[in-house]
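Working notes, structure below.
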Amino acid sequence: MSYTTVEVEIDHGKVTPIEPEKLPESGRGLLTILAPAPISAARQLEAFDALSKHLNLDEAKAQAWMDTIRDARR
């Protein structure tokens, strides 16, 4: 027995595979529903703080990075 996992979209009870070519012509399967987990603002700030520490960013380096991104978009 082999298993295939595919990503699907669900809209008003209709299941549509993202990559239908991965599905067999016929068969049976099980569907697992994954509910999106909301991320709290506090956890987002914790993640940002950890990333800043990991990258060794201080206020001046962060501002220089934002300036570089802004200039690159022009």
Checking G27 against (1) exposed (fewer than 10 other Cβ atoms within 10 Å of the Cβ); (2) touching a residue at least 12 places away in the same chain (Cβ under 8 Å), which test does it fail? (2)
Please enumerate the residues belonging to the stretch 33-67 that are surrounded by 10 or more Cβ atoms within 10 Å (Cβ to Cβ) and of a type in the set (S, T, N, Q). Q44, S52, Q63
Can you tell me which condition T32 does not meet? The list is (1) under 23 Å from the mean Cα position of the chain (by Cα); (2) assigned to a helix (DSSP H, G or I); (3) hydroxyl-bearing (S, T, Y), and all the others hold. (2)
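We did not get these values from a lab; they are worked out from the coordinates using the rules stated. Because the structure is a prediction, the values reported are computed rather than measured. Neighbour counts run over all protein chains shown; Cβ positions are idealised from the backbone, glycine included.
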